[in-house]
Amino acid sequence: MQIRHLTLITMAVALTIAAPVRGEGFITVASTTSTENSGLFGHLLPTFEAQAGFDVRVIAVGTGAALQYGRRCDADVVMVHAPAAEEEFVAAGYGVERHPLMHNDFVVVGPDTDPAGISDLETAAAALARMAEVEAIFVSRGDDSGTHKKERALWEASGKTLDNVRGSWYREAGAGMGPTLNIALGMGAYTLTDRGTWLSFGNRGDMTILLEGDPALFNPYGVIRVDSERCPNVKTGMAQKFIDWLLSDEGQQQIADFRLEGLPLFIPHRQP
Amino acid sequence: MGDFAEAFLLMFRLLGSGDPELLGIIELSLQISFSATLLAALIGLPLGAAVAVFRFPGRGVLSATLNAFMGLPPVVVGLVVYLGLSRAGPLGELGLLFTPQAMIVTQTILVLPIIAALTRQTIADLDEGCREQLLALNTSPVQMVFTLLWEGRFSVMTAILAGFGRAIAEVGAVLIVGGNIREVTRVMTTTIALETSKGNLALAMALGLVLLMITLLLNLLATGLRNAAARQYA
């Protein structure tokens, strides 16, 4: 009796495990939470996949983690937003070439009462300096993402040091943009966010954009194919096809067409 | 209260809509967690019973290890499986990273100690006389393990349900090894985490309620089966 049961169970296991296996017709793209959570990939991929005949699987993580996936050969393409780290990635031989893809900008958001009074300031560096002076609560991503890298650069420009303030008014979430915004809302705090995530974020509460338009808040995205010399498993043909399409007139137009409540979330690098 | 009321309404709307993407996510969650629980039960039941019945060197240590591993941190298990299955890792050639199979393996590791440890305790608690009787009858070790498992089948089933509960509710590990890829490795818990991160709190809560309902339904089914079986064998 038990043997028959065992056979049945084993067959059931084999079937359930075998079922989700799919073909080789896909590439893996390591990208940032901002591109996935905002719905950009949901907008771009159906068109591309229908034309190309293969799937694009997106892993949405911070820029630091996405580049790490590339270094470990776990992705065919990386699409991230930290130009310096991207150039380093290519220079170290992990990626073939960085192609500028699109951009938007970062904004400083916070409670609409603006307790630190940053909304009349011109630059993000001045706003951060003001926050440090009045010790207004600031929530940092703290996760080595593109936004976190940008934020650290802005603190550097502000001339304020973050030594000895961690845990008091400067709080590191160690989380993605969405969770960080949720935390900032809960604490009545300021934070830095990319505009795409902000526009698509559903829990803004009494938070609003307090500072924008500073050229230092420029947020460029690049796309890089992982080098198959270092990672022989990379599906070079399909990966290149995807990158070529993103950079083509059609791909750039599709990026421009992606809007939320009438507002564009990403500006294509090249006007199509 | 408004948030919860909204979530409840949304849950009924979600279930009523029969949205194919949501149904796919539920199906994948169940498929992965069923597979992992089955695999873990196949190994864990005989293992737990054997540790309870047979005397061998290191038995105490093994027993304590099983108990301790019931509390394995999922995120650590996820990281270990990720490093193993990553292209740069020892099993990279298999190309299993970011697949449902990788998620099954991860959940199996998490569930196995729960099923094995609870089974060990169940069998150890069985009437000592039952074991002596079997020994007197000169049963083979394999037969003895299966007979004892059958004797304790109702408690063993609770162990399996506890394991399934761990599998279906887990998020940290499957997020790392699955990557939460839409329509490939996106399951209930990773969807809830994603919607929370997008600030869609009502939707996230509604999905959480759907998950709770499914778990509840499965446990009711299991209890019903158990009662029916108990009546039959009484």
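No value in this document is a laboratory result; all are computed from the given coordinates. These numbers come from a predicted model, not from an experiment. We place every Cβ from the backbone using ideal geometry, glycine too, and count neighbours over all the protein chains shown.
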Exercise. Considering (1) closer than 18 Å to B:Leu220 by Cβ; (2) within 14 Å of chain A (Cβ to nearest Cβ), say which one B:Met144 fails and leave the rest.
Key: (1)
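The rows are residues; the columns are (1) away from chain B (no Cβ under 14 Å); (2) in contact with a strand residue (DSSP E or B) (Cβ under 9 Å, 6 or more places away or on another chain); (3) farther than 30 Å from A:Cys231 by Cβ.
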{"site": "A:Gln51", "(1), (2), (3)": "yes, no, no"}
{"site": "A:Val77", "(1), (2), (3)": "no, yes, no"}
{"site": "A:Val96", "(1), (2), (3)": "yes, yes, no"}
{"site": "A:Ala136", "(1), (2), (3)": "yes, yes, yes"}
Self-check item: For A:Val234: the one exception among (1) surrounded by 20 or more Cβ atoms within 10 Å (Cβ to Cβ); (2) among the β-branched types (Val, Ile, Thr); (3) within 30 Å of A:Ala132 (Cα to Cα)
Solution: (3)
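Does A:His81 satisfy being touching a residue at least 24 places away in the same chain (Cβ under 8 Å), in contact with a helix residue (DSSP H, G or I) (Cβ under 9 Å, 6 or more places away or on another chain) and within 20 Å of A:Leu265 (Cβ to Cβ)?
yes
Could you go through the range A:201-210 and let me know if any residue there is in a helix (DSSP H, G or I) and β-branched (Val, Ile, Thr). Write out each step before concluding.
First, the residues of the range A:201-210 that are in a helix (DSSP H, G or I): none.
Taking every residue of the range A:201-210 in turn, none turns out to be in a helix (DSSP H, G or I) and β-branched (Val, Ile, Thr).
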Quiz item: Can you name the residue in the range B:130-180 that is outside any helix (DSSP H, G or I) and touching a residue at least 40 places away in the same chain (Cβ under 8 Å) and, of all such residues, is nearest to A:Ala30 (Cα to Cα)?
Solution: B:Gly179
Quiz item: How many residues are crowded, with 16+ Cβ neighbours inside 10 Å and either within 11 Å of chain B (Cβ to nearest Cβ) or closer than 9 Å to A:Gly142 by Cα (or both) when one looks only at the range A:165-181?
Solution: 10
Practice problem: Considering only residues that are in contact with a Ser or Thr (Cβ under 9 Å, 6 or more places away or on another chain) and among the hydroxyl-bearing types (Ser, Thr, Tyr), look in the range B:113-154 and name the one that is surrounded by the fewest Cβ atoms within 10 Å (Cβ to Cβ). | Solution: B:Thr139
